[in-house]
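The values are calculated or read from the model by the stated rules, or taken from the named source; none is laboratory data. In this text, all values refer to a predicted model and were calculated from it rather than measured experimentally. We place every Cβ from the backbone using ideal geometry, glycine too, and count neighbours over all the protein chains shown. The area values use the complete protein model at the heavy-atom level, side chains included, leaving out ligands, DNA and RNA. Shrake-Rupley method; radii C 1.70, N 1.55, O 1.52, S 1.80 Å.
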Amino acid sequence: MQMERRSARRVLYDRVLRGLLYFSAFLTCALLVVLIGYIFYRGLPNVTWELLSTEPSVLRDVIGILPNIINTLALIFGTLLIVLPLGVGAAIYLNEYARSRRMVEIIEFATETLTGIPSILFGLVGMLFFCQVLGWGSSIRAGILTLVIMILPTIVRTTQESLKTVPASYREAALGLGSGKWRMVRTVVIPSSIDGIVTGCILSIGRIVGESAALLFTAGSASILVGNLSDLLGNSGGSLTVALYMYSMERGKIEVGFAIAAILMVLTLLINLAAKWLGKKLKK
Amino acid sequence: MDARPIIAARDLNLWYGAAQALYSVDMDIPEKQVTALIGPSGCGKSTFLKTLDRMNDLVPGIKITGSVQYRGTEIYDSKVDVTWLRKQIGMVFQKPNPFPMSIYDNIAYGPRTHGVRSKSRLDDVVEKSLRGAAIWDEVKDRLKKSALSLSGGQQQRVCIARALAVEPDILLMDEATSALDPISTSKIEDLIADLKKDYTIVIVTHNMQQATRVSDKCAFFLLGRLIEFGDTTELFSVPRDKRTEDYITGRFG
Amino acid sequence: MDARPIIAARDLNLWYGAAQALYSVDMDIPEKQVTALIGPSGCGKSTFLKTLDRMNDLVPGIKITGSVQYRGTEIYDSKVDVTWLRKQIGMVFQKPNPFPMSIYDNIAYGPRTHGVRSKSRLDDVVEKSLRGAAIWDEVKDRLKKSALSLSGGQQQRVCIARALAVEPDILLMDEATSALDPISTSKIEDLIADLKKDYTIVIVTHNMQQATRVSDKCAFFLLGRLIEFGDTTELFSVPRDKRTEDYITGRFG
Amino acid sequence: GCGAPAATQSPSQSPAGSPAGGSAALTGKVVTNGSTSMEKVIGALIEQFKTVQPGVTVTYDPTGSGTGVEAAKNGTADIGLASRALKDAEKDGGLTETVIAKDGIAIVVNPANGVEDLTVEQIARIARGEIANWSEVGGGDAEIAFIGREAGSGTRGAFEEITETADVCVYSQELTSTGAVVTAVATTPGAIGYVSLSSVDDTVKALKVAGVAPSEATVLDGTYAIQRPFVFATKTDEPLSEAAQAFYDFAMDSANAELYAAAGVVPAAN
Amino acid sequence: MTTNTPQAAQANSPLVKKRGLRELLERGMNVLFFLCGLVAVAFVLFITVYLIISGLPAIQEIGLKDFLFGTKWASTAKEPEFGILPFILTSVYGTAGAMFFGVPIGFLTAVFLAKLAHPRVAAVIRTAVDLLAGIPSVVYGLIGMTVLVPAIRVAFGLSSGATLFAAMIVLAVMILPSIISVSETALKAVPKEYEEASLALGATEIETYFRVSVPAASSGIAAAVVLGIGRAIGEAMAIMMVAGNVPNMPSLFKSVRFLTTAIASEMSYASYGSLQRNALFSIALVLFLFIMLINVLLNTLLKRKKNK
Ligand SMILES: Nc1ncnc2c1ncn2[C@@H]1O[C@H](COP(=O)(O)OP(=O)(O)OP(=O)(O)O)[C@@H](O)[C@H]1O
Ligand SMILES: Nc1ncnc2c1ncn2[C@@H]1O[C@H](COP(=O)(O)OP(=O)(O)OP(=O)(O)O)[C@@H](O)[C@H]1O
Ligand SMILES: [Mg+2]
Ligand SMILES: [Mg+2]
Ligand SMILES: O=P([O-])([O-])[O-]
């Protein structure tokens, strides 16, 4: 007996779409490879120890990004220090304490809304409130507080997700032993969801490192070394990403821009790997 | 029946939202004996058990009327300290649920919760409880290992030890052996026989043989109602209620 | 047996990775009759069924040796167009799986796939198939409604109609009634009896009564081996193999 | 210049003749904020000042002239920096301007461009879009891309005022900073743009204006037509802090003229 | 919880609460966590209220119609004009353009990852996509400015390559990761039974994916697109570096200014209390409203998916 073949039209449909699928996937990958390759190609030769370890100087005509590295660290630590208790607390409220469905919905709606707001609007409101109304001027502390608002949903979401994976039986056991709710949360629930909290931190660090619009308006863009913590927090200070923007836009130093971009890429890579690794651990 | 029940439930009704799960239950649980709750799935055994140490408090939309007295004190009185009540009335669950900590920390969790800080006292409590749960010899060399590394039967005995460590008065066990293999099950049945010297024990079980083996009193539930309650031997040999007879002879459920 | 089998399997072996799931199966499936595959869970019934329309091709790591001929053509020949084969050999699954589209689009899916574009021809096919699956009257007024809004039994008949719409030669049904209530089941059994006038049907079932009710031939599988194959009445009344007897009398499985 | 008044006196008189930094060691913080064009000048001043007054931290935030003036007014900065003369409204609002330097605005083109010299009128017509091709001003046949700064920039304000093109410029790009203009001009063959003279580097070519090449000397003597002042904006009726006053004096000290030269601008103090 | 036993006070019973401190701690922690939860709500209210308060005055002064539909923006002219129609249209066109390039590629890549790719290949590409998502936006801007803009100038024979088109491409690349990962999740959630049914009817794999899997995942894919729109409309720094920033009415090869870049580029220069500055806040308000609209749309889409 004769086995028919598919019509030419169906064969074509199949081939064309299959081709498009492969092409798109290839394009996506090629895009990444070319982007990274280009950044490293132009940036890495300019990453020198001097760049990493000095303060920029007009008189000596040198450029260094040490202050920006310090500023970035200050922003990361400062933000996490505030946002972690807040975000984890909010997640714990949502998952462990909240009794009213309505309240949960309102808070979740709020966090979702915060997720969608573009960073330039955070920058604007941060500038209006922290820099002007509170009179702090451009300062790292204004940047930190703005970032706190921005990052909060990330922490809440990841923490909530991992709280959900803590088996109810742990909670029952703790309560059954006469433990109070807070003690149960502190000794059993939080330790069991620590992976998720850490993942949230890593994602947040990625966000902070990559942020520019919100920080430019609130933390400013200065690149000077300061002696003590209160000066560090109270002064204007640009993060690495802001410095990238300033050097390539304001100063026309494209090479420095690429050098910082290369550094940022390495950081992004590390952050992604760390988040993946933890994510895997979390699943277990 | 015995002189003075350690727990007395009177006209206990319970609703999950609109659905009633317990209907006017009256029961006197005698001290230092084993009381078994039996009945088909969904009849309200677990629900009743949980009302005894107010674990139901956590369920949203629950409503309870009637009275439950523990040693003469109304436990649903708003002045009652739930954590204290739960210290008095320990609970062991169907699935072994040790905390993801070391065996030692699992046992010490309760005492620490109730304020014991001294290392030497904790050591004593841990050893005593693990001995009490007949698992000391199996784990004494690896107290610092994670409790999750134990087998299911061992985990369940660790959970029992954890419950004993807070020196409860009553021990509630909700199908505590149904997730275990026969050997572990018989170990825990032996343990129950042993424990009733010092504790009042209430168990839920699906296993009629188990109920006859370990319990002194037996309560048969059906559709949220307590159908029959009495000495286990009597209930199984001369059930007063037709439905009890049908159930224990395997005619339904 | 009949003169010419529509499907002939010879020395069929199948491996999922390293695990062998079928061992040297030989079977001749007669045309325009209902053949039932029975056997305990995991014995390879579904696996065998799927080899007949090459649905196993999708499983990674699968290995097949031996021969399956459909009307004299070796279906595992690399020259065979699988889509054509699958058009000839329709399949109905255990869980009703209508697409999340309208009833009409569900039925029209197959014809459209195979190149039918004309609205009037599609209308005809849809009506004919739904009538063939004995569900036309129930759905004719809501063809544009989502197929997911139907009851389970109706969904399953829509799935059968969907399979009929491509005008297959053979219909494979893998426990097509096991997810359904008794009324829907009997409707589908009636349907099968009706369909065998035009189609060759192979069913997998766990339900011995069903096998006797609807099938002409019956094949008993055990641990990946075809133990016995013959007329249903014969197989159930005078099984030749001890294991078949044990199984059909409910001694295991 | 563009009508900027000469340097006014410091609002609170500094001790006569005392050279900046010569007084006792100070401590404290001076906040400056404003013009992005002044980055190099301020950078140089701050660095040198640190060597004479190590106890004082001077910060600079390049936010733009408008913000700088505002910061001075509401007190978030000790000294506001503007690359343009203060507006009357700003002065009436309680600010005093001090010109610390003059800056030429260089007209820059791509190095590949053959044109060397344009008149102010030609520049204005290019800005207005009336001249759209380089061949009309003696160059090759290429479309002109006129690249400027965003509204509110001190540089743009001065350029449009001098060329009398306010509100009528037809820009091909409006970039938010000096560096961006340099980069855009450097990468676009047909481009022409204006930037602070101090920012001109070898990636772009600065044109002569009416035959005069922009340089420190031509800016100083006024022969280079397109120039504007760099300004310190301070509160009129509130004295500067001791540290800020020291910095102010330091910036005005003619002994520090070479700092300005290093930054490519002309000090106002001499 | 109710109890209908009006028991006499059991003052001597050991059950009666005596641990005031512990009870206090419990209550305290409850309140504390509740406050943490409220913080998110407070932030949203704060931002909303702030944007409205600061955005309204200029709109009042300029007039809503002139503001929204005015075609000329000349904020520092002697007779200033504050029409933001160019910005609104640019944002809309730019986003549409980004979708035009980004959605097909993102969507097809997602289908490839979810259905066609070998698991190991898929894992590699997924890592690449995640990485793409993690690259800071200014890095995209930097590359756009140094590579894309000159390339566009040469390719289309323009005098300057800083155009709406350049911004579209940059935005398309930037939204790619969110489109890919959200669509992929939706595609993977399609029950296998649907695909089996289609294959058994004689459809090829490709036909199955596009005619059954994709329609079944359509609301998830729609959510991916809406998410992409939100991202694109809110992006500022990257497009500021490539779009040229002239407040023209949008056209593919003209220099343009978006809602976001309009705010970013003039904010530093506008003097305090001036109409110019207030008008910038009004732009922010308009942008905010756009975003809220998109969020609502996204939520309904995601909810619908959940309810299915
Ligand atoms: N948290 C809850 N919310 C609503 N209904 C519940 C809840 N827990 C139990 N129920 C219902 O209450 C009834 C009694 O449930 P319960 O768990 O007490 O039965 P059980 O006798 O323990 O059954 P099993 O033997 O299966 O454990 C059942 O109908 C059950 O569905
Ligand atoms: N995709 C697969 N990969 C690996 N092993 C499989 C796969 N599908 C089935 N098997 C194994 O092959 C054997 C036969 O499975 P099959 O599904 O054919 O049994 P069955 O007779 O249909 O059982 P049931 O009545 O439960 O449907 C089983 O051991 C099963 O675990
Ligand atoms: Mg139960
Ligand atoms: Mg099967
Ligand atoms: O940044 P400006 O100096 O042009 O205001």
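Just one residue in the set C:Lys119, C:Lys87 is touching a Ser or Thr at 6+ places or on another chain (Cβ under 9 Å), basic (Lys, Arg) and more than 22 Å from C:Ser151 (Cβ to Cβ); that residue is C:Lys87. Candidates are the residues of region B:69-117 that are among the acidic types (Asp, Glu) and within 11 Å of chain A (Cβ to nearest Cβ); the one that is farthest from ligand 5 (Cβ to nearest atom) is B:Asp81.
For first residues located in region B:9-22 and more than 7 Å from B:Gly66 (Cα to Cα), partners that are assigned to a strand (DSSP E or B) and of a type in the set (D, E, K, R) and lie 6+ apart or on another chain with Cβ distances below 6 Å form the pairs B:Trp15/B:Lys63. Of all the listed residues (A:Leu232, A:Leu175, A:Leu273, A:Leu225), the sole one being in contact (Cβ under 8 Å) with a residue 24 or more places away in the chain and part of a helix (DSSP H, G or I) is A:Leu232. State all residues of region D:247-264 that are open to solvent by 10 Å² or more (accessible area, probe 1.4 Å) and small (Gly, Ala, Ser); if no residue qualifies, say none. Of everything in region D:247-264, those that are open to solvent by 10 Å² or more (accessible area, probe 1.4 Å) and small (Gly, Ala, Ser) turn out to be D:Ser254, D:Ala255, D:Ala257, D:Ala261, D:Ala262, D:Gly264. Of all residues in region E:237-262, those satisfying the criterion of being under 20 Å from E:Leu68 (Cα atoms) and part of a loop (DSSP other than H, G, I, E, B) are E:Asn245, E:Val246, E:Pro247, E:Asn248, E:Met249, E:Pro250, E:Ser251, E:Arg257, E:Phe258. Just one of the listed residues (A:Gln160, A:Gln132) is in the same structural domain as A:Gly220 (by TED's automatic domain parsing), open to solvent by 10 Å² or more (accessible area, probe 1.4 Å) and out of contact with any helix residue (DSSP H, G or I) (no Cβ under 6 Å at 6 or more places or on another chain), namely A:Gln132. Among the conditions (1) within 11 Å of chain A (Cβ to nearest Cβ); (2) in contact (Cβ under 8 Å) with a residue 12 or more places away in the chain, E:Glu207 misses just one, which is (2).
Among the residues of region E:118-144, the ones that are within 7 Å of chain A (Cβ to nearest Cβ), over 21 Å from A:Ser239 (Cβ atoms) and small (Gly, Ala, Ser) come to 1 in all. Within region E:148-161, residues that are basic (Lys, Arg) reach partners that are surrounded by 20 or more Cβ atoms within 10 Å (Cβ to Cβ) with beta carbons closer than 7 Å, at six or more positions or on different chains, in the pairs E:Arg153/D:Thr188; E:Arg153/E:Ser160; E:Arg153/E:Gly161.
Among the residues making up region C:38-62, those that are under 13 Å from C:Leu223 (Cα atoms) and either in contact with a helix residue (DSSP H, G or I) (Cβ under 9 Å, 6 or more places away or on another chain) or more than 8 Å from ligand 2 (Cβ to nearest atom) (or both) are C:Ile38, C:Gly39, C:Pro40, C:Thr47.
Whether any residue in region B:31-38 is farther than 28 Å from B:Tyr247 by Cα and either away from ligand 3 (no atom under 16 Å from the Cβ) or over 17 Å from the mean Cα position of the chain (by Cα) (or both) is what I want to check.
No, region B:31-38 contains no residue that is farther than 28 Å from B:Tyr247 by Cα and either away from ligand 3 (no atom under 16 Å from the Cβ) or over 17 Å from the mean Cα position of the chain (by Cα) (or both).
Taking region E:152-234 and the helices (runs of 4 or more DSSP H) fully enclosed by it, the elements with 2 or more residues that are among the charged types (D, E, K, R), under 23 Å from E:Ile125 (Cα atoms) and modelled with pLDDT of 90 or more are at E:164-188.
For every residue, the table says whether it meets (1) surrounded by 24 or more Cβ atoms within 10 Å (Cβ to Cβ); (2) at the interface with another protein chain (Cβ under 7 Å from one of its Cβ atoms); (3) touching a residue at least 12 places away in the same chain (Cβ under 8 Å).
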{"position": "E:Glu195", "(1), (2), (3)": "no, no, yes"}
{"position": "E:Ala217", "(1), (2), (3)": "yes, no, yes"}
{"position": "E:Ala222", "(1), (2), (3)": "no, no, yes"}
{"position": "E:Ala238", "(1), (2), (3)": "yes, no, yes"}
{"position": "E:Ala243", "(1), (2), (3)": "yes, no, yes"}
{"position": "E:Asn248", "(1), (2), (3)": "no, no, yes"}
{"position": "E:Ser255", "(1), (2), (3)": "yes, yes, yes"}
{"position": "E:Gly273", "(1), (2), (3)": "no, no, no"}
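Kindly indicate whether any position in region D:232-255 is under 23 Å from D:Asp141 (Cα atoms) and within 14 Å of the chain's Cα centre (by Cα). The answer is no; no qualifying residue exists. For region A:259-284, filtered to residues that are touching a Gly at 6+ places or on another chain (Cβ under 7 Å) and more than 7 Å from every other protein chain (Cβ to nearest Cβ), the residue that is surrounded by the most Cβ atoms within 10 Å (Cβ to Cβ) is A:Ala259.
How about region C:122-179: which of its residues are among the hydroxyl-bearing types (Ser, Thr, Tyr), within 20 Å of C:Lys50 (Cα to Cα) and open to solvent by 30 Å² or more (accessible area, probe 1.4 Å)?
So in region C:122-179, the residues among the hydroxyl-bearing types (Ser, Thr, Tyr) come out as C:129, C:146, C:149, C:151, C:177-178.
After this cut, where a residue has to be within 20 Å of C:Lys50 (Cα to Cα) as well, the list is C:177-178.
Correct list: C:Ser178 only.
Annotation note: of B:Phe93, B:Phe99, B:Phe48, the sole residue that is among the hydrophobic types (A, V, I, L, M, F, W, C), within 15 Å of ligand 1 (Cβ to nearest atom) and within 15 Å of A:Ala174 (Cα to Cα) is B:Phe93. Of all the numbered requirements in (1) closer than 21 Å to D:Lys87 by Cα; (2) within 16 Å of ligand 5 (Cβ to nearest atom); (3) touching a residue at least 24 places away in the same chain (Cβ under 8 Å), D:Glu164 misses one, and that requirement is (2). Within region A:211-223, none of the residues are more than 22 Å from the chain's Cα centre (by Cα) and within 20 Å of A:Gly87 (Cα to Cα). What are the residues in region C:39-51 that are more than 18 Å from C:Ser215 (Cα to Cα) and either within 14 Å of chain E (Cβ to nearest Cβ) or within 16 Å of ligand 3 (Cβ to nearest atom) (or both), if any? Of everything in region C:39-51, those that are more than 18 Å from C:Ser215 (Cα to Cα) and either within 14 Å of chain E (Cβ to nearest Cβ) or within 16 Å of ligand 3 (Cβ to nearest atom) (or both) turn out to be C:Lys50, C:Thr51. Out of curiosity, is E:Leu38 closer than 30 Å to A:Ile92 by Cβ and either modelled with pLDDT under 85 or part of a helix (DSSP H, G or I) (or both)? Criteria met by E:Leu38. Filter region D:205-237 down to the residues that are open to solvent by 50 Å² or more (accessible area, probe 1.4 Å), in contact (Cβ under 8 Å) with a residue 24 or more places away in the chain and not in a strand (DSSP E or B), then identify the one that is farthest from D:Gly190 (Cα to Cα). Restricting to residues being open to solvent by 50 Å² or more (accessible area, probe 1.4 Å), in contact (Cβ under 8 Å) with a residue 24 or more places away in the chain and not in a strand (DSSP E or B), the top hit is D:Asp237.
Confirm whether A:Gly116 is at pLDDT below 90, within 10 Å of chain E (Cβ to nearest Cβ), at negative phi and open to solvent by 20 Å² or more (accessible area, probe 1.4 Å). Yes: the conditions hold for A:Gly116.
Residues in region A:126-147: is at least one more than 14 Å from chain E (Cβ to nearest Cβ), within 15 Å of the chain's Cα centre (by Cα) and part of a helix (DSSP H, G or I)? Looking for residues that are more than 14 Å from chain E (Cβ to nearest Cβ), within 15 Å of the chain's Cα centre (by Cα) and part of a helix (DSSP H, G or I), one finds at least one in region A:126-147, hence yes.
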